[in-house]
1. Across all directions of projection, what mean area in square nanometres is found for the Cα convex hull of segment A:1-70?
2. Round to the nearest 10 and report in Å² the accessible area of A:Lys4, as given by a 1.4 Å probe over the protein chains' heavy atoms.
3. Hey, for a label at A:Arg69 modelled as a point 7 Å past Cα toward Cβ, could you say which residues of segment A:115-152 have their backbone N under 20 Å away?
4. Need one number: convex hull volume per residue for segment A:20-144, Cα atoms only, in Å³.
5. Keeping all protein chains in place, calculate the accessible area per residue for segment B:113-152 (probe 1.4 angstrom), answer in Å².
6. In chain A, carbon and sulfur make up what percent of the accessible area (probe 1.4 Å)?
7. Averaged per residue, what accessible area in Å² does segment A:38-231 show with a 1.4 Å probe, protein chains only?
8. Taking each pair of distinct Cα atoms in segment B:64-128 once, what is the resulting Kirkwood hydrodynamic radius in Å?
Amino acid sequence: MNAKPRALLILDVLSALLLAAATYLALIYAPLEAVMGAVQRVFYFHVASAWIGMLGFLAAGVAGIAYLRTQNLRWDIVEVAAVEISLVFFFIAIVLGSIWARPVWNTWWTWDPRLTTAAITELIYIAYLMLRQGIEDPNRRARFGAVYTLVGAVSVPITFMAIRLFRTIHPVVIGSQSAEAQGGFNMTADMKVAFFFALFAFTVIFADLLWNRIRLGHLAQEVEQRKLKVMQ
Amino acid sequence: MDDLPIEKSGPSPFARFLRAIAAVVWKDLAAEFRSRELLSAMLVFSLLVILIFNFALELNVKERRDVTSGVLWATFAFAGTLGLNRSMAVEKDRGCLDGLLLAPVDRAAIYFGKALSNLAFMLIVEAVVLPVYSVLYNVNLFRPGLLMVILLGSVGYIAVGTLLSTMSVQTRTREILLPILLFPVVIPILIAAVKASGGYLNNLGMEEILPWLNLLIAYDVIFTAIAFMVFDYVVEE
């Protein structure tokens, strides 16, 4: 348990290499966008971070349901790991998006469905962590956490739909584009390479972070158990 | 557990379930009408919120039309957390919750009982706030459509709120935690309710209001079902 598994070490190194390669592709390899200029390069990591945020969100929801069904604390550890990663990556996506939106939309922030939903997901996850902090009994903490992730996982898509009934200005680069969207563009082949590579690299990084965080969770659990033994 | 021999005889399981719900509601209402702690606090608080909005927003005739539904729902949401907190805190403080859980009834009956009494308190507060607001700001809020929106919105708010307040009273931070847990997940209710109420107040056509009504109904159904399914987990010892 204590030694880091070799596969995880390899995944760590691979993630670092992929991140470096994705950075190169996004900042140097991809061509300069004609209208927006250099700030468009934010796009590659922005979408990739949001993608990780979504993956973490889904993983947390699945782990929450699995915990409620099995009452196995291992799912609780997965859930916390996924929530923490999702929290950090949605934050990165929001910050990168704001950097892009300032010159393109002429504002740091707008109450668009995607932006608002990402912000609300952040608030739900902060509330989740606060909820866990206030409970000492590990089983109750896990139960309450799983119930709250489930409630959050159902309410966030409804929130998205609700705000979508308003108009949106967020561009949809992949798939259909609404007429009101501002700042959209068509990707050239080189851009697509950089974009899909960034998505791939971030997915691997997600797996790596999740694995590391789950391992940390198990170690923390072990420490807690040993502490209890010493006290007895 | 449900197959205790004593319970085999007597009324059908569903009738027993309804009787258990009624008993929980009756207990809450009786306790409240003797002390009137909760209702008076919620009422005074909502009137104060309206007063604060009056100065914060300069509610003149022109602006009022656009912000009335927002002011109303902000008031209900804030007063609602007050009521939810108090209603669960009295159960926890005096050990009543343990007593309720020991009773040989389905846990879901306890949930529905608490939710119904919370809903009753919220509707009473709303029933007082509406005429006061109507008089103070000279708008007629007694329109059937608006009342229906208020009922639908309150049902969804209370369905989630009762579940989350049951969790928050069992944590260390208690009262502070409930709004933080509750507000981000009831945002769909608030958006839809504000939009639908605004639609009725501004006499918009049904085709503009209907999507929001559908959203409210869907939210109510989904979250009542979820709370019903997971309530066991939040009261388990």
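The values are calculated or read from the model by the stated rules, or taken from the named source; none is laboratory data. In this text the structure is predicted, and so the values were computed from the model without any measurement. Quick reminder, even Gly has a Cβ in these numbers, built from the backbone with ideal geometry, and neighbours come from all protein chains shown. Just the protein is used for accessible areas: all its heavy atoms, side chains included, with ligands, DNA and RNA removed. Shrake-Rupley method; radii C 1.70, N 1.55, O 1.52, S 1.80 Å.
1. Averaging across all directions leaves 7.2 nm² for the Cα convex hull.
2. My reading of the accessible area for A:Lys4 is about 80 Å².
3. Counting only backbone N, you get A:142-152.
4. Normalising the Cα hull of segment A:20-144 by residue number yields 112 Å³.
5. 41
6. On the way: 7900 of 11730 Å².
Of all accessible area on chain A, carbon and sulfur atoms account for 67 percent.
7. Accessible area per residue, segment A:38-231: 47 Å².
8. Details: mean 1/r = 0.0739 Å⁻¹.
By the Kirkwood definition, the hydrodynamic radius is 13.5 Å.
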